[in-house]
Amino acid sequence: MSVVFGPVSSRRFGMSLGIDLSPHAKSCNFDCVYCELKIAKKVDKISNPPSVDEIINDVSSALKVHPNIDVITLTANGEPTLYPYLKELIAKLNLIKNSAKLLILSNATGVVKPEIYDALLGLDIVKFSLDSTIEKTFRKIDRGHKELNVADIIEKMTEFKRDFKGELVLEILVVKGLNDTAQEFNALNKAINQISPNRVDISTIDRPPAYPVKGVNTDMLRELSAHIKNIPCVIASAKYSGENLDFSKDELIALLSRRPQSEIDVKNSFSSISKQNLQELLADNKIYEISVSGVKFYRTNEQ
């Protein structure tokens, strides 16, 4: 069984070649209510993990066929930081990755362990989940081991961001009736500004979950995202139930001065008139584009 899959197109990170560090079974120290995998007992390590040499051989072969990928993504049927040879693997992937960036999709619990913290510093992009900063909600959604405390995780993520030379992305997954309130997002905003990630992705349930919980619609995601200040935000949803919005050039400048808009926002919610005005403002150098961990944002020159 090859541990490499893809490439797949990711709206948030570009063309991705995946590495499954737990190909034989789900291996996670969380039991998230929204998980798309089958319910399984929480574990602290990956059983029967692939060897570093096996992974490197598979990745090397895949890169010969797909030399122009954007990211090599470390993931798992569960939590990839449970892989026992993570630091060695990252070091060897850095030797063969060519122009691709190394990305991990993690629930962030590994950051409290010095050996994993150190290994993660060798990556180009780290995506951590942070579904709630309120301990009671954190436990209801993510269902981790009792010794895991969200305040400790936030403190270590803050320290990690100061040490990390790459790009840090946080993802909030919104569950209806659990973390879909202004109180939750005001608390998240406080922690996010403390951590100071490069980007925040806000998403919801879009695949059948392990437990009987539901997601929220994109309008609610947009409303909740307004509570996140000072950090570029992506509403990571393919669905948009609202109408396309008309903005004049002055209205666009006012909007972008308050809140940069992602390429995904523009595609999902801007009318053709708004898109045309946006392009003219770009041509006149009144707004400009920035790329944050593979996602394009539009902002004003004054920012």
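The values are calculated or read from the model by the stated rules, or taken from the named source; none is laboratory data. Computed from a prediction, not measured in an experiment: that's the story for all the values here. Every residue, glycine as well, gets a Cβ built from its backbone with ideal geometry; the counts of neighbours run over all protein chains shown.
Number of residues in the stretch 100-118 that are small (Gly, Ala, Ser) and either free of Cβ contacts under 8 Å to residues at least 12 places away in the same chain or within 17 Å of ILE55 (Cα to Cα) (or both): the value is 1.
ILE90 meets all of the listed conditions (1) among the aliphatic types (A, V, I, L, M); (2) touching a Pro at 6+ places or on another chain (Cβ under 8 Å); (3) not in a loop (DSSP other than H, G, I, E, B) but one, namely (2). A count restricted to the stretch 1-11 and to residues that are surrounded by fewer than 20 Cβ atoms within 10 Å (Cβ to Cβ) and modelled with pLDDT under 85 stands at 7.
Of all residues in the stretch 51-85, those satisfying the criterion of being more than 20 Å from ASP118 (Cα to Cα) and among the charged types (D, E, K, R) are ASP53, GLU54, ASP58, LYS64, ASP70. Any residue that is touching a strand residue (DSSP E or B) at 6+ places or on another chain (Cβ under 7 Å), in contact (Cβ under 8 Å) with a residue 60 or more places away in the chain and in a loop (DSSP other than H, G, I, E, B) - is there at least one of those in the stretch 229-237? The answer is yes; a qualifying residue exists.
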